[in-house]
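What follows is a short report on a single structure.
The values are calculated or read from the model by the stated rules, or taken from the named source; none is laboratory data. This one's a predicted model, so the numbers in the text were calculated from it and none came from an experiment. Here the Cβ is made from the backbone with ideal geometry for all residues, glycine too, and neighbour counts use every protein chain on show. These area figures cover heavy atoms from the full protein model, side chains too; ligands, DNA and RNA do not enter into them. Shrake-Rupley method; radii C 1.70, N 1.55, O 1.52, S 1.80 Å.
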Amino acid sequence: MACTSCSTSDGGAPKGCKNNGTCGTDSCNKLTVFDWLSNMSLPNGEAPFDCVEVRFKNGRKEFFRNVDKLTLSIGDIVATVASPGHDIGIVTLTGELVKIQMKKKGVNPASNEVPKIYRKASQKDIDIWSAAREREEPMKVRARELAIAQKLEMKISDIEFQGDGSKATFYYTANDRVDFRLLIKDFAKEFSTRVEMKQVGFRQEAARLGGIGSCGRELCCSTWLTDFRSVNTSAARYQQLSLNPQKLAGQCGKLKCCLNYELDTYMDALKDFPDYDTKLVTEKGDAICQKQDIFKGLMWFAYTNNFANWHVLKIDQVKEIIAENKLKNRVSSLEDFAIEVTQEPEKDFNNAMGQESLTRFDQPKRKKKPAKKRKTIGENAAVAPAIAPNNQAPKNQTPKGNKPAGNNNNNKPNNNTANDKKPAGPRKPIIITKNENKK
C-alpha cells in the first residue's frame with residue numbers, strides 16, 4: 001500500500017506519501033471530509049473556529065481545542081492531551097466544517113470537556129511515535145499466541161500505541177464475554193508497557209483493518225461510512241436477491257451495508273404493486289403470485305392446481321381483477337388478461353475496435369512450410385539434374401520413357417524432357433539433352 005507512518009522531514013512536510021496526509025492509498029484518507037470552505041476567507045472581525053479534527057491510527061478521530069491559537073493546516077502533526085502523557089495525531093480538518101462535524105457526532109463545541117492541543121510535534125516526538133508504531137505488528141503476533149495459550153475465545157485484531165509509547169491499546173473481537181484478567185498480566189509482563197483492552201464489533205474491525213470488497217473498491221466502512229445501520233435479510237427480499245449468505249455477507253461476516261443503499265428506491269417502487277400475498281379468484285381456480293418484476297411492472301401468477309404454468313399480468317390488470325374480487329365477482333380466467341413476454345435477443349458486447357482481446361498486441365506465429373521430400377534414384381524414379389552444358393549429355397541419367405542416344409542411325413538431335421514425374425519444389429526444372437553422333 002502506501003506509507004506506514006507519515007513522519008515529517010526537516011521542512012515539516014510528511015515523508016512517506018508526500019501528500020500531507022491526504023493520499024488515497026492507505027489510511028491517510030480514511031473517513032476524510034472535503035474542506036470546500038478552504039479557499040474562502042472569513043468576514044471582517046470574525047475569528048476562526050478554535051477546534052480542529054485530529055486523526056490517529058486507522059479511522060479513529062477526535063476533536064481538540066486549539067487553545068494557544070497555533071497556525072494549523074490539514075496534514076500537520078500535533079501533540080494532544082492523553083491519559084496519561086500525550087498522543088500524536090494528524091490534523092484532518094480545520095475551520096467552520098469542524099463545528100458541523102462536532103454537531104453530527106454529538107459533541108458540544110462550547111463544552112469545557114473538549115481536550116486541547118499541546119503543540120506541533122517536534123522531531124523527537126515523531127521519532128518516538130514512529131518507533132512505537134514499528135513495535136505493533138510483532139506485538140500483535142505474540143499477543144495472539146498468549147491468548148491462544150490461555151484458550152480464550154477472542155481475536156486480537158489490532159494494537160495501537162500511544163504517541164509517547166507509554167500505553168498500548170489492544171482491540172479484540174469476541175462473541176461472548178471474556179475474562180482476560182490473567183491475559184492483561186501476561187501482556188504487561190511480556191511487553192513492559194501499560195495495557196488497555198477494548199472490545200470492538202466485527203464491522204468496526206473491518207473498518208479499522210480495511211480491505212477490498214467484492215465490487216473491487218475499498219470497503220465503505222473504512223473510507224467514508226461513519227455509521228453502521230442494522231441490515232436485515234428483508235432488504236435482500238425486497239430487492240429480489242438470492243438469499244445466498246456467501247454473496248450477501250461482507251468481509252466482516254455480516255450482511256453488506258450496501259444492501260441499504262437502494263432499499264428506499266425499491267420500497268417506493270413497490271408501493272404501486274399489489275401485495276405479494278394477494279390471491280386472485282377465477283372460475284378456473286385461485287391464483288397465487290410467483291414472481292415480480294419491479295422495473296417492468298409485471299407479475300407472474302399460477303393456479304394453485306397447476307404451478308407449472310405461469311401467466312404474466314400487468315399491474316393494472318391485477319388491480320382490475322382484485323377490484324372484481326372485492327365485489328364478489330369471479331373473472332373467467334387469467335388467460336384473458338395474460339400478455340406474452342418476448343425474450344429480448346442477447347446483446348453482443350464485443351468491442352468494435354477489438355480491444356477485448358488480451359493478445360491483440362502479440363505477433364502472429366508464422367506457419368512452418370512443409371519439408372520437401374527427396375525422391376530416391378531407381379528404376380521407376382528419376383531426378384532432374386541441372387541444365388547440362390552444350391554438347392554434353394548428363395552422365396548415368398536416362399529420362400524415363402526415352403531410348404538412349406548412343407548408336408542411333410538417325411543423325412537428328414533428340415530433345416527429350418522427363419515428363420513422367422515432376423520434381424518437388426516451387427520451380428519446374430527443364431532438362432535439355434543434346435546428343436550429336438558424328439560420322
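Quick rundown of the values:
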quantity: Hits in segment 224-252 (condition: assigned to a loop (DSSP other than H, G, I, E, B), surrounded by 13 or more Cβ atoms within 10 Å (Cβ to Cβ) and touching a residue at least 24 places away in the same chain (Cβ under 8 Å)); calculated: TRP224, LEU225, THR226, PHE228, VAL231, GLN239, GLY250, GLN251, CYS252
quantity: Odd one out for GLU137 among (1) open to solvent by 50 Å² or more (accessible area, probe 1.4 Å); (2) modelled with pLDDT under 90; calculated: (2)
quantity: Residue within segment 152-159 that is surrounded by 14 or more Cβ atoms within 10 Å (Cβ to Cβ) and assigned to a helix (DSSP H, G or I) present; calculated: no
quantity: Residues being under 18 Å from ARG119 (Cβ atoms) and in contact with a helix residue (DSSP H, G or I) (Cβ under 6 Å, 6 or more places away or on another chain) - total across segment 58-73; calculated: 1
quantity: The one condition in (1) at pLDDT 90 or above; (2) open to solvent by 40 Å² or more (accessible area, probe 1.4 Å) that ASP277 fails to fulfil; calculated: (1)
quantity: Tally, over segment 77-104, of residues that are farther than 13 Å from VAL33 by Cα and open to solvent by less than 30 Å² (accessible area, probe 1.4 Å); calculated: 9
quantity: In segment 253-271, the residues that are part of a helix (DSSP H, G or I) and either touching a helix residue (DSSP H, G or I) at 6+ places or on another chain (Cβ under 9 Å) or among the basic types (Lys, Arg) (or both); calculated: CYS257, CYS258, LEU259, ASN260, LEU263, TYR266, MET267, LEU270
quantity: Restricting segment 181-212 to residues that are in a helix (DSSP H, G or I) and more than 20 Å from ALA149 (Cβ to Cβ), the residue that is most open to solvent (accessible area, probe 1.4 Å); calculated: LEU209
quantity: Failed item, numbered, when VAL178 is tested on (1) without any contact (Cβ under 8 Å) to a residue 40 or more places away in the chain; (2) open to solvent by less than 70 Å² (accessible area, probe 1.4 Å); (3) part of a helix (DSSP H, G or I); calculated: (3)
quantity: The lone exception for ILE159 - which of (1) free of Cβ contacts under 8 Å to residues at least 24 places away in the same chain; (2) over 22 Å from SER130 (Cβ atoms) it fails; calculated: (2)
quantity: Residue tally, condition part of a loop (DSSP other than H, G, I, E, B), touching a strand residue (DSSP E or B) at 6+ places or on another chain (Cβ under 7 Å) and of a type in the set (Lys, Arg), over segment 284-303; calculated: 1
